[in-house]
Amino acid sequence: MSDCSEDHDGDFQPCGINVKSLPAVMQGRVKALKNLQMDTVKVETEYYKEVHALDLKYQSKYDEISSKKAQVIKGAHEPSGAEIEWPSEDEEEEDDPEVTLAKKVEELTLHPDFPEDAPGLPKYWLHVLKNANEEALMGLIEPHDEEVLAHLTDLTVSLAPDNSGFTLHFHFQENPFFANQVLTKQYSLRHGPNPASPLDYDGPEITACTGCVVNWKEGKDVTNKRIKVKAFEGRKGKACCPPAEREIKADSFFTFFCPPVFKEDGEVENQDDQAILAVDFEVGFALKEKVIPRAVLYFTGDIFGDDDDFEDCEDEDDEDRKSTRLNSSHPRYLV
């Protein structure tokens with residue numbers, strides 16, 4: 001008899017069949033099915049190897065397009081002619097009598113981050129990441145990060161030729177916060193099954209990640225917050241120690257570059273670290289597969305659907321926007 005039972009007031013709860021409770025001949029059939037499942041895993045492993053070979057083949061083409069995007073964003077190339085031909089909503093609504101004068105005036109108001117005489121699109125990546133923050137970046141970007149991210153000029157990805165993972169590259173202009181020109185985050189992948197549980201294989205697994213040292217300038221580290229400590233009073237009400245300041249860790253997107261350290265066996269210290277890595281892996285893959293290739297759609301808000309429902313400014317969280325997810329096939333996260 002199975003220990004599982006169906007709750008008539010709730011959903012059916014599945015449970016596994018105890019193979020030892022089956023007749024010997026049926027136990028053999030189950031083992032045969034497991035061997036066939038292992039054959040499936042072997043085929044899937046070969047499939048993902050070929051997928052990676054295709055990724056490498058086409059990455060150079062993506063890189064070429066990304067380089068052209070970067071030239072426009074930085075102002076090194078001024079697009080013209082056919083490059084700037086794209087139907088806009090303004091053109092579609094030109095003859096629409098329902099478009100009020102007030103709305104037209106509002107649309108003509110220049111965004112303060114994009115003055116007409118500025119080269120390229122300043123703060124482009126800041127706005128891309130802000131708009132992707134809840135939908136793809138798990139809310140990692142804090143308000144105090146924005147002044148730093150305003151200096152981000154490009155965001156690129158490179159694939160390891162040996163099929164071992166990918167690296168995110170955050171390119172910054174010279175800025176008052178840190179000395180680095182590029183911040184990197186490397187992700188390691190395992191493309192074959194885990195020997196300890198081969199039948200659980202469901203595609204490539206992110207198994208580890210490595211950040212980089214951010215060379216913060218004096219007093220500019222946004223991952224540390226300075227707080228004032230009040231003077232400690234002795235028994236007679238006299239101050240034993242004068243007021244002082246100390247630093248505490250602050251929530252910040254830039255903790256992304258300092259993930260928990262893996263031990264020699266590939267494990268992490270505690271469950272809190274596992275939770276941090278689960279978010280880290282999700283964000284890393286979202287940047288690679290969603291944000292970087294579709295950056296302009298995050299910049300304009302088109303990726304969220306109807307522009308009328310999208311606010312290009314700071315306001316209270318939109319729960320519907322948070323629940324929006326793009327369909328994409330991605331590796332599992334092993335933490």
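The values are calculated or read from the model by the stated rules, or taken from the named source; none is laboratory data. Everything quoted here is computed from the prediction, not taken from an experiment. Positions of Cβ are backbone-derived with ideal geometry, glycine not excepted, and every protein chain shown enters the neighbour counts. With ligands, DNA and RNA removed, areas are computed over all heavy atoms of the protein, side chains included. Shrake-Rupley method; radii C 1.70, N 1.55, O 1.52, S 1.80 Å.
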| query | Is there a residue being assigned to a strand (DSSP E or B), open to solvent by 40 Å² or more (accessible area, probe 1.4 Å), at pLDDT 80 or above and not acidic (Asp, Glu) anywhere in region 234-247? | reply | no
| Count of residues meeting criterion [part of a helix (DSSP H, G or I) and either of a type in the set (D, E, K, R) or at pLDDT 75 or above (or both)] in region 90-143 | 17
| request: Would you please name the residue that is most open to solvent (accessible area, probe 1.4 Å), looking only at residues in region 166-185 that are closer than 18 Å to residue 74 by Cα and not in a strand (DSSP E or B)? | output: 174
| Name the pairs whose Cβ atoms lie under 9 Å apart, with the first residue in region 200-219 and more than 25 Å from residue 41 (Cα to Cα), the second surrounded by fewer than 11 Cβ atoms within 10 Å (Cβ to Cβ) and not aliphatic (A, V, I, L, M), and 6 or more positions between them or separate chains? | 217/176
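With 250, 278 as the choices, which residue is at pLDDT 50 or above, touching a Phe, Trp or Tyr at 6+ places or on another chain (Cβ under 7 Å) and surrounded by fewer than 18 Cβ atoms within 10 Å (Cβ to Cβ)?
From the options 250, 278, the qualifying one is 278.
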| From the residues in region 219-228 that are open to solvent by less than 60 Å² (accessible area, probe 1.4 Å) and either at pLDDT below 80 or not aliphatic (A, V, I, L, M) (or both), which one is farthest from residue 152 (Cα to Cα)? | 227
| remark: Residue hits (region 186-218; under 23 Å from residue 286 (Cβ atoms), modelled with pLDDT of 85 or more and open to solvent by 70 Å² or more (accessible area, probe 1.4 Å)) are 186, 210
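Looking only at residues in region 289-301 that are open to solvent by 40 Å² or more (accessible area, probe 1.4 Å) and of a type outside the set (A, V, I, L, M), which one is farthest from residue 165 (Cα to Cα)?
Taking the candidates together, the pick is 300.
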